[in-house]
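Chemist: My structure is below; once you've seen it, I'll send some questions.
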Amino acid sequence: MTRFDIAVVGGGLLGRCLAWRASRAGARVVLYDAASHQGENSAAWVAAGMIAPMTEAIDAGAEIASMGTHSLSLWPRWLAELPVPVFFRDNGTLLLWHREDAGEAVRAQRKFASQQSQIKQIDSARTAELEPALGTRFPEALYVPNEAQVDNRAFLKAVSIALAEAGVECHWETFVEDVALLDAGIVVDCRGIGAKPGWPKLRGVRGEIVRLHAPEIELRHMLRLLHPRYPVYIVPRPEGRLVVGATCIESEDRSPVSVRGVLELLSSAYSLIPALAEARVLELNTQVRPALPDNLPALRFDCKRKALYINGLYRHGFLLTPTIVEEVLGLLSIEGQPSGCWPSLSQNYAETSADIQTSNENQQCLSL
């Protein structure tokens with residue numbers, strides 16, 4: 001009998017959440033990560049923590065919207081079960097555009113109409129009422145209610161505390177070269193771009209963010225600029241802090257933020273809120289997100305090695321993680337779901353991603 005039911009390799013957002021939820025469900029879990037417990041080397045560290053399924057679906061499609069909507073329903077419960085409070089707000093998103101980019105708004109409205117979403121088209125007066133910092137500069141806007149955000153770094157820290165309090169054996173700053181050598185009933189590889197040698201089609205997408213301090217600007221909602229090249233977002237945090245992101249560059253370059261990236265982000269943000277000219281730059285940062293050709297997440301099973309590989313969350317880590325974790329626990333017969341049964345929600349991507357293998361033989365071998 002192995003000492004652990006599950007060995008999780010990769011302690012970024014997905015890996016540490018899977019270890020935490022599996023432990024809460026009664027599994028014996030061990031976690032390995034090459035970085036520290038803070039998660040500063042993970043894609044989740046350089047993120048805005050947006051949980052915005054409808055907004056992301058403008059470009060990502062119905063699969064992401066479906067999984068993200070389910071995740072949105074799970075986030076409040078997850079946060080309530082953490083040992084320390086984490087900032088969370090679900091006031092929704094305002095989608096804005098400049099007059100010359102009205103075609104982007106039309107495209108977004110068509111996408112929303114096809115998904116029968118409850119998006120509201122509002123005029124300048126209503127926009128100013130919802131978000132006084134915008135005034136009446138935008139004749140029209142789209143309001144997406146209930147979308148949320150979570151403080152990404154506070155959440156990573158809170159989960160690491162939860163793991164410690166639960167007695168989960170965590171090996172931080174530990175590099176695992178071969179997951180098959182770990183002693184566990186099943187090994188789950190959540191290393192993101194670090195697992196590229198085993199995923200030939202995996203690619204990195206560079207994302208850059210700027211963190212600002214603008215105490216005189218009090219935003220109530222997430223803002224998203226509809227633009228054909230620079231779909232920038234502004235996410236408000238407590239104490240006058242703002243996260244502005246994010247570029248999407250097909251590159252695995254981890255060097256510091258480029259001048260072009262800073263100009264794209266800040267000029268776009270300034271075009272939404274000119275008062276940001278007096279904001280102070282707190283941080284410029286970048287990270288590489290793992291993505292597969294269809295930009296959808298994938299699960300891959302290796303029965304002989306007793307390993308489950310999860311990858312390809314792209315820019316949707318906070319949006320998709322609760323749903324993916326819930327499904328993986330179901331596959332592993334945790335939380336009372338039978339082994340080898342996919343919850344219905346997963347069908348959206350189980351049928352569209354070529355990297356997912358769902359034969360009965362592979363599913364059964366994942367039983368603990």
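Chemist: Please find, within the range 302-321, the residue that is farthest from the chain's Cα centre (by Cα) out of those that are more than 17 Å from residue 46 (Cβ to Cβ) and open to solvent by 10 Å² or more (accessible area, probe 1.4 Å).
Modeler: For the range 302-321, the residue satisfying everything is 304.
Chemist: Now for a separate question. Restricting the search to the range 84-104, which residues are small (Gly, Ala, Ser) and either closer than 17 Å to residue 222 by Cα or outside any helix (DSSP H, G or I) (or both)?
Modeler: Passing the criteria: only 92.
Chemist: Could you grab me the full set of residues in the range 127-146 that are touching a helix residue (DSSP H, G or I) at 6+ places or on another chain (Cβ under 9 Å) and surrounded by 15 or more Cβ atoms within 10 Å (Cβ to Cβ)?
Modeler: Of everything in the range 127-146, those that are touching a helix residue (DSSP H, G or I) at 6+ places or on another chain (Cβ under 9 Å) and surrounded by 15 or more Cβ atoms within 10 Å (Cβ to Cβ) turn out to be 127, 128, 133, 134, 138, 140, 141, 142, 143, 144, 146.
Chemist: Let me ask something additional. Any idea which of 34, 48, 57 is closer than 30 Å to residue 256 by Cα, assigned to a loop (DSSP other than H, G, I, E, B) and open to solvent by less than 10 Å² (accessible area, probe 1.4 Å)? Write out each step before concluding.
Modeler: Numbers: 34 fails: open to solvent by less than 10 Å² (accessible area, probe 1.4 Å); 57 fails: assigned to a loop (DSSP other than H, G, I, E, B).
48 is the lone residue from the list that is closer than 30 Å to residue 256 by Cα, assigned to a loop (DSSP other than H, G, I, E, B) and open to solvent by less than 10 Å² (accessible area, probe 1.4 Å).
Chemist: So, residue 100, is that one open to solvent by less than 50 Å² (accessible area, probe 1.4 Å) and of a type in the set (Asp, Glu) or not?
Modeler: Against the criterion (open to solvent by less than 50 Å² (accessible area, probe 1.4 Å) and of a type in the set (Asp, Glu)), residue 100 does not qualify.
Chemist: Also, I was wondering about something else. Out of 11, 39, I need the residue that is at positive phi, among the small types (Gly, Ala, Ser) and assigned to a loop (DSSP other than H, G, I, E, B). Which one?
Modeler: Every option except 39 fails the conditions.
Chemist: I'd like the residue in the range 183-205 that is touching a Leu at 6+ places or on another chain (Cβ under 9 Å) and open to solvent by 10 Å² or more (accessible area, probe 1.4 Å) and, out of all such residues, is farthest from residue 299 (Cα to Cα).
Modeler: 185
Chemist: Report, by residue number, each residue of the range 250-301 that is open to solvent by less than 40 Å² (accessible area, probe 1.4 Å), aliphatic (A, V, I, L, M) and under 16 Å from residue 233 (Cβ atoms).
Modeler: 262, 265, 269, 272, 273, 276, 279
Chemist: Shifting gears a bit: Tell me, which helices (runs of 4 or more DSSP H) lie completely within the range 277-368 with 1 or more residues that are in contact with a strand residue (DSSP E or B) (Cβ under 9 Å, 6 or more places away or on another chain) and modelled with pLDDT of 50 or more?
Modeler: Because the criterion is at least 1 residues that are in contact with a strand residue (DSSP E or B) (Cβ under 9 Å, 6 or more places away or on another chain) and modelled with pLDDT of 50 or more, the helices (runs of 4 or more DSSP H) in the range 277-368 that meet it are 317-331.
Chemist: From the list 124, 73, 117, which one is touching a residue at least 60 places away in the same chain (Cβ under 8 Å) and either surrounded by fewer than 18 Cβ atoms within 10 Å (Cβ to Cβ) or under 26 Å from residue 19 (Cβ atoms) (or both)?
Modeler: 117
Chemist: Strands (runs of 3 or more DSSP E) wholly in the range 147-240 with at least 3 residues that are closer than 25 Å to residue 82 by Cα - which ones?
Modeler: The strands (runs of 3 or more DSSP E) meeting that bar are 148-150, 169-171, 186-189, 233-237.
Chemist: Looking at the range 262-285, I want the residues that are small (Gly, Ala, Ser) and have a partner that is part of a strand (DSSP E or B) and open to solvent by less than 80 Å² (accessible area, probe 1.4 Å) with Cβ atoms under 6 Å, at least 6 apart or on another chain. Which pairs are those?
Modeler: 268/225; 269/234; 269/244; 279/212
Chemist: Also: Just name the residue that is farthest from residue 79 (Cα to Cα) out of those in the range 153-182 that are small (Gly, Ala, Ser) and either over 24 Å from the mean Cα position of the chain (by Cα) or open to solvent by 50 Å² or more (accessible area, probe 1.4 Å) (or both).
Modeler: Taking the candidates together, the pick is 180.
The values are calculated or read from the model by the stated rules, or taken from the named source; none is laboratory data. These numbers were taken from a predicted model, which means no experiment stands behind them. Cβ atoms come from the backbone with ideal geometry, glycine included; neighbour counts cover every protein chain shown. The area values use the complete protein model at the heavy-atom level, side chains included, leaving out ligands, DNA and RNA. Shrake-Rupley method; radii C 1.70, N 1.55, O 1.52, S 1.80 Å.
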